[in-house]
Structures are given as structure tokens and as C-alpha cells.
Amino acid sequence: MSQDYSNMNFTNNTRQRYSDVDVISTQGRIGRKRYFVYSMILPALVFWAISTIAALISYLPFANDSLFYAVIGIAILAAAWMMVHLTIQRCHDFNKGNSLALLAVIPFANLVFALIPGTNGLNSYGEVPKPASWLFKASFYALIVFLVGLVIYALTQFQIIETISQILSTVLTLF
């Protein structure tokens, strides 16, 4: 009978076991890159899927505005639920409890959680999460480039960069 070594990393004659990631569970750990990609994409997909259902419901003859808004509310709660579940696993990776994950409802808090390094080796919440595959690494960097581009675009569209440079030049002339 052969033993399955597919989820073990052999370095220096030691075996490292990796835990699988379950995005719906609150058990286990999730790594930084996988967390960032999942936290940016999965809640948005959940929200838009349920919002599409709400839009379709609004065309039904018995539907009214309150039903539409109720389904949109469910979409928001479902996306927040997904975000909190992912953040709980992320907190487990750096050996913190579940209550810290409530910060996930703050916009862009997932960026902070993605920066905190995880615990090396086994911790109170399980084994090290499976390392990100090349696809997740590529998705992570593509998402970073996209977000930086989006921020730069927004700053130029709202002329914030020009306003900041004018303020800085005014302040520098005072000194």
C-alpha cells in the first residue's frame, strides 16, 4: 500500500503537510495571495449573481420595488458573509481569532489582511495552507496591476492629482 505524498513538500528530509482551502468554511487557513484573489473576486461574483436574479424578478408581473430591494439586500449580505468567511480563515493563518474578521466589512480592509504574513508551520488553527499555484500568483499580480491602474485612472479623471500638485506647490512656495 503506497502512501499519498502529493500534498507534502520535502525539504531537508522533513515533510511539510499542507491543508486544503475551503472558501465556504470558517475552519482552516488561507494564504495571502489566495485570500486576496478570492476576496476580490468571490464576493463580487456572489453579489452580481444574486443581483441578476433581483433584476429578473423585477420584470415579473407580481414584483414590486420592495421585493427587488429585498433581494439586493440579500446579495449584499451574501457578499459580506463570503468576505467574513474568507477573512476568518486569513486570521487563522496568522494565528488570530474569529472576532478580528469582522473588520472585513470595512471597505478595502482585505488589502491589510493580505499584507499580514501567516504563521510558519503548524499553528492553533491547522497546517500551513497549500501554496498558491502559478495561476493564483498570476491572478494576484494581474489584479494588483488592474487596481493600481484603476486608482490612477480615477485620480486623473477627478483631477485629484492636479489638485494635490497645486497644493504642494503652494505649500513649497511658503517655505
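The values are calculated or read from the model by the stated rules, or taken from the named source; none is laboratory data. Quick caveat, the model's predicted, so the values are computed rather than measured. Here Cβ is always computed from backbone atoms with ideal geometry, including for glycine, and neighbour counts include all displayed protein chains.
A few points about this structure:
- Selection from the range 44-102 of residues that are touching a helix residue (DSSP H, G or I) at 6+ places or on another chain (Cβ under 7 Å) and outside any helix (DSSP H, G or I): 58, 63, 97
- For the range 117-145, the set of residues classified as assigned to a helix (DSSP H, G or I), surrounded by 11 or more Cβ atoms within 10 Å (Cβ to Cβ) and not charged (D, E, K, R) consists of 136, 138, 139, 140, 141, 142, 143, 144, listed by residue number.
- Single condition residue 112 does not satisfy, out of (1) in contact with a helix residue (DSSP H, G or I) (Cβ under 6 Å, 6 or more places away or on another chain); (2) closer than 28 Å to residue 49 by Cα; (3) surrounded by fewer than 15 Cβ atoms within 10 Å (Cβ to Cβ): (1)
- Filtered residue count, the range 129-163, keeping only those that are basic (Lys, Arg) and over 16 Å from residue 115 (Cα atoms): 1
- Being within 17 Å of residue 23 (Cα to Cα), under 18 Å from the mean Cα position of the chain (by Cα) and hydrophobic (A, V, I, L, M, F, W, C) holds for only one residue in 142, 101, 109, and it is 101.
- Count of the range 14-43 residues which are touching a His at 6+ places or on another chain (Cβ under 9 Å) and part of a helix (DSSP H, G or I): 0
- Within the range 17-32, the set of residues being in contact with a helix residue (DSSP H, G or I) (Cβ under 9 Å, 6 or more places away or on another chain) and either more than 15 Å from residue 109 (Cα to Cα) or crowded, with 20+ Cβ neighbours inside 10 Å (or both) comprises 21, 22, 23, 24, 25, 26, 27, 28, 29, 30, 31.
- Among the candidates 137, 130, residue that is in contact (Cβ under 8 Å) with a residue 60 or more places away in the chain, in contact with a strand residue (DSSP E or B) (Cβ under 8 Å, 6 or more places away or on another chain), within 13 Å of residue 32 (Cα to Cα) and of a type outside the set (Ser, Thr, Tyr): 130
- Across the range 103-143, the number of residues qualifying as touching an Asp or Glu at 6+ places or on another chain (Cβ under 7 Å) and of a type in the set (A, V, I, L, M) comes to 0.
- Being closer than 30 Å to residue 122 by Cα, assigned by TED's automatic domain parsing to the domain that holds residue 121 and of a type in the set (A, V, I, L, M) is a property that holds for residue 37.
- Scanning the range 133-156 for residues that are over 21 Å from residue 44 (Cα atoms) and among the aliphatic types (A, V, I, L, M) yields 152, 155.
- Of residues in the range 19-35 being modelled with pLDDT of 80 or more and β-branched (Val, Ile, Thr), the one farthest from residue 129 (Cα to Cα): 26
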